[in-house]
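The values are calculated or read from the model by the stated rules, or taken from the named source; none is laboratory data. If you're wondering where the values come from, they're calculated on a predicted model, not measured in any experiment. Don't worry about glycine lacking a Cβ; one is built from the backbone with ideal geometry, like all the others, and counts go over all protein chains shown.
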Amino acid sequence: MRKFVLISTLLAATVLAACAPMTTPNPNQPAAQPSATPTLPPSGSVGQDFIGSEWRLVSLNAAQPVGSQPITLIFRNETEVGGSGGCNGYFGTYTLQGETFTANGLGSTMMACGEDGVMEQESAFFQQLSEGGLLARSGDELTITSASGVLKFERVVPPPPAALEGTLWRLEAFGIADAVSSLLANTEITAIFEKGKVTGYSGCNWYGADYELEGNNLKLGFAQQTVRACLQEGVLEQEQTFAEALRTATSFTIEADRLTLTHPGGALIFRAMPALSGAPFVGTLWKLITFDAADPAQAVPAEVEITATFAEGKVNGLGGCNNYFGEYTVENGSVTVANVGATKMACEGVMELEQRFFTEIAKTHIVVVDAGQLRLVSDNGILVFEAVK
């Protein structure tokens, strides 16, 4: 597992001296009598719905953010803040005195993202957020102004809470005490709760277990699992950590699209994946970039084009040489492709890859759609597609 890091540059949050809280004189009180500084700004400043709100960065010092993953700021409650830096999740505490925002002890996961400029942008965002500054809200716009510039956000309309049952949940992090560990790169762990049985993929093997619900309390029965050996370093240890955490889970909470399963050693933190009945899974042109996310040698050569489009139970695309077509069905977050046919052209140097693709796609896959990627998880690895813009 990837461990979290305490961002050292974020430890000393700066409060601008010129940003002292302002108080409005009360005409019924003597001017000399001060009023108490509120812990939270008055409703006329940021609104009663401020706590629990999520905001998406739209400009960093007037520059539009880069990358496919949004940068977010979430006020989880009256003391905790978190979100995404565009690559890594972050967390910490904050204070809000009048209009003065201060962030404290921010830490993040330690993933590396390859999109141009994303890591540098994330570092700049973390640094500037740690400086704190003047917080101002106007409707669905929020700004934090510090000595380094202005962070400008727009409010994210929260989706309705996802249901525990019938949703494909993708594990995003392991929570251990006050720390957060992200998954190993190029691994997937999923869970689907349905009619008293939870099933999914644990990074190498498929698993299943019975469960019982009583309110927000959860009790799992004996778990069964396939027996496969995976060569990627650390994946079996990660799988064992997940299995033990899931087995001992005692309760759950859902906030919007986030599921947290609590167990004696910490928590499992999941995010709901989009339903496969609509966009972006349906109607998008997907281009295959690798046959196995964990093995760089399995990347599709740049000159070979393999694509797929799913819509109304039909799948079609280019197999590298021939156009193909088939049918697909969706059940419990998985897609099964059948009745694949293709034209009969012969292309030098491509036919082996094409046949491999036709073999791989005609399987049952757990489907993960996130950040412009389609990931089809099966026994042979994770096929990764990118959306063609």
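Once segment 150-172 is narrowed to residues that are surrounded by fewer than 13 Cβ atoms within 10 Å (Cβ to Cβ) and aliphatic (A, V, I, L, M), the residue that is modelled with the lowest pLDDT is VAL157. Would you confirm whether or not segment 295-308 contains a residue that is charged (D, E, K, R), in contact (Cβ under 8 Å) with a residue 12 or more places away in the chain, on the phi < 0 side of the Ramachandran plot and surrounded by fewer than 16 Cβ atoms within 10 Å (Cβ to Cβ)? Yes. Strands (runs of 3 or more DSSP E) fully within segment 292-387 that include at least 3 residues being in contact with a strand residue (DSSP E or B) (Cβ under 7 Å, 6 or more places away or on another chain) and of a type in the set (Phe, Trp, Tyr): 323-331.
The rows are residues; the columns are (1) modelled with pLDDT under 95; (2) under 27 Å from PRO70 (Cα atoms).
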| position | (1), (2) |
| --- | --- |
| PRO301 | no, no |
| VAL304 | no, no |
| ASN323 | no, no |
| VAL330 | yes, no |
| GLU352 | no, no |
| VAL369 | yes, yes |
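Please tell me if ASN339 is in the same structural domain as THR307 (by TED's automatic domain parsing), over 25 Å from ALA229 (Cα atoms) and polar (S, T, N, Q). Spelling it out, ASN339 is indeed in the same structural domain as THR307 (by TED's automatic domain parsing), over 25 Å from ALA229 (Cα atoms) and polar (S, T, N, Q).
Does GLY175 fit the bill of being surrounded by 15 or more Cβ atoms within 10 Å (Cβ to Cβ), under 29 Å from VAL235 (Cβ atoms) and modelled with pLDDT of 90 or more?
So GLY175 fails the test.
Within segment 51-104, restricting attention to residues that are among the charged types (D, E, K, R) and part of a strand (DSSP E or B), the residue that is surrounded by the fewest Cβ atoms within 10 Å (Cβ to Cβ) is GLU80.
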